Amino acid sequence: MNIQRKYSLPNCTLLLEGLSAVAKSTQAQDLRPELSILVNAECKIAGYEKSLAGGREFFESLVRAVSAYAQEFLSSIPSPQAHDLDTELVSFEKLGDNTHKIIVSTEVSDQDPVENGDKSALEMNLNTVQLFDLVEAIDQFFADTQTLPELTLSLQPAPRQYNSHQEAFAKEAVPATVGAASVVAAAIAFGLMPVPELTPPNTDEQSKENKEVTSANNTITNTATTPNPTVSPSPINTNQPVSSDNPRVKNLQALLNEGTEITEASQLHVLKRRVYNEINTNWVNRSEINQNLIYRVGVASDGSIVGYESINKQASKTLEEKTPLPKLVYNPATKSLAPKEPIGQFRVVLTRNGELQVSPWNGSTGKLEVVGERITDTGKLEELGQKLSEAIRENKSSNAPTYRTVLKYRVAINEQGKVKDVERLNQAAYNYLQETPVQQIFKKDNNSVVPSLSDKEPMAHFRVFFQPNGTVDVTPWKGY
């Protein structure tokens with residue numbers, strides 16, 4: 001059964017949809033089953049027809065950005081986490097005393113931008129009351145112990161150079177996580193906004209809105225890679241619909257029990273890309289799926305899929321005939337795992353609209369960065385950047401592009417100028433890959449469509465953006 005949680009304010013509605021990983025026998029004793037697997041998150045702002053939507057990574061980024069920006073707005077101490085366009089899917093920009101722009105990159109949504117069809121991000125301008133309603137909706141989520149209970153908020157402190165001259169004021173700054181009532185009270189105290197009219201919440205109505213409803217009309221928006229916040233790993237539920245006699249499930253559980261779990265952000269990011277590429281390339285019968293199929297997948301440190309188990313009933317029923325997972329699991333006859341080999345766990349969702357979602361099962365820790373040695377010499381970067389630009393021009397199609405948004409890639413080349421890695425940074429980059437020469441160049445240099453995880457040679461990394469007008473921007477990579 002699909003579970004919905006709704007947090008409603010006059011100017012903002014936050015809707016979360018997902019499933020429970022708790023055993024049915026436990027759920028039967030609780031009128032509000034635990035929503036522990038988030039499939040879709042939707043944020044509706046009053047006055048806008050379109051909503052902000054995405055999967056778990058979008059929601060976690062939204063929580064971080066909103067909380068950081070609210071703290072910055074009230075304390076006047078800049079918070080870089082609220083404006084992090086490189087590592088976050090969601091960021092904020094202050095336009096005035098009462099106007100705040102929320103920006104959601106196209107890694108989350110391929111919808112046409114609200115205000116400017118040429119931009120590659122969905123943008124909305126919020127007034128202060130709308131912003132505080134959004135803060136209150138997130139505050140209600142954190143107060144709901146039956147929804148994503150393992151998710152915690154971990155904001156970064158402001159760097160010393162931002163607050164050294166405001167040290168006395170910083171001591172009085174509001175905490176990072178605040179409820180709407182305390183937000184408004186603090187804002188009034190600081191003289192940052194006029195006194196709004198507060199309407200006491202209707203507890204009966206809110207209780208009804210928070211009850212679960214079954215819905216088959218949930219809209220899924222694909223997500224891209226961003227670092228997850230530090231979370232406490234949730235217990236692994238072994239009471240899943242898949243039979244315990246399944247040797248692959250036994251193998252996965254045994255490996256997890258005997259070995260350690262991979263939690264480092266950069267390593268999980270590389271493995272996630274490998275899993276996505278393997279499944280996405282081999283998933284051919286997408287139109288035959290009419291319900292979301294959710295799996296927990298175990299991956300060895302070399303990128304091999306070592307086991308999986310179904311999370312929802314439909315995933316178990318259609319596993320063999322409609323998914324590529326069975327044929328992608330490593331063959332013990334050709335590959336043996338080292339004792340206690342570290343295993344990475346991923347949540348894999350094959351959505352009913354033909355999109356693939358892959359995200360770390362228990363989140364990740366540490367800063368996300370490219371793996372391996374990087375070429376940083378300015379002269380060498382300029383030389384290799386020119387080689388990459390020439391290769392793109394030589395292999396570029398003469399046909400006019402059909403995409404209406406920017407296609408974003410990270411491309412890594414070695415010292416000889418050969419393309420060794422191509423990473424899609426937004427969903428449009430996946431959808432329109434065939435209209436660019438990057439995959440063609442990569443395959444020509446490597447005789448493969450999937451980068452090797454064992455390749456440790458020094459690389460120069462570049463951002464390669466294909467613009468809708470046909471131009472291509474190649475600039476040195478600075479980080480996620």
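Key figures
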{"read-out": "Two-site FRET efficiency, Ser398 against Lys94, from Cβ-Cβ distance with R₀ of 35 Å, rounded to 0.05", "value": "0.20"}
{"read-out": "Distance (nanometres) between label positions extended 7 Å along Cα→Cβ at Glu435 and Ala46", "value": "3.9 nm"}
{"read-out": "At R0 = 25 Å, FRET efficiency that the Cβ-Cβ distance of Thr281 and Lys317 yields, to 0.05", "value": "0.55"}
{"read-out": "Inter-label distance, nm, simple model (7 Å from Cα along the C-beta direction), Lys380/Lys443", "value": "3.1 nm"}
{"read-out": "Within-11-Å neighbourhood charge of Asn285 [Cβ basis; K, R +1; D, E -1]", "value": "0"}
{"read-out": "In range of the label at Glu264: residues from the stretch 363-382 whose backbone nitrogen is under 17 Å from the point 7 Å along Cα→Cβ", "value": "363-374"}
{"read-out": "Whole-Hz ³J(HN,Hα) from phi, Karplus 6.51 cos²θ - 1.76 cosθ + 1.60, for the stretch 380-396, glycine and proline x", "value": "5, 4, 5, 4, 5, x, 5, 4, 5, 4, 5, 4, 5, 4, 5, 9, 6"}
{"read-out": "Loop-located trypsin sites (Lys or Arg not before Pro) in the stretch 54-105 whose Cβ has at most 10 other Cβ within 10 Å (DSSP)", "value": "none"}
{"read-out": "In sequence order, calculated HN-Hα J values of the stretch 8-14 (Karplus, 6.51, -1.76, 1.60; Hz; x Gly/Pro)", "value": "10, 10, x, 10, 7, 10, 10"}
{"read-out": "Gain upon complete extension [Glu288, Asp144; 0.36 nm per residue less C-alpha separation]", "value": "48.2 nm"}
{"read-out": "Cα gyration tensor shape for the stretch 344-429, rounded if a/c is under 1.5, else prolate or oblate", "value": "oblate"}
{"read-out": "Extension gain (nm, one decimal) between Lys387 and Leu356, 0.36 nm per residue minus Cα-Cα", "value": "7.8 nm"}
{"read-out": "Residue order, fewest to most beta carbons within 10 Å, for Arg286, Arg393, Arg424", "value": "Arg393, Arg286, Arg424"}
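Rule-based calculations on the coordinates, nothing more; no lab input. All values reported here derive from a predicted model rather than from experimental measurement. In this analysis, Cβ positions are derived from the backbone assuming ideal geometry, glycine residues included, and neighbour counts consider all displayed protein chains.
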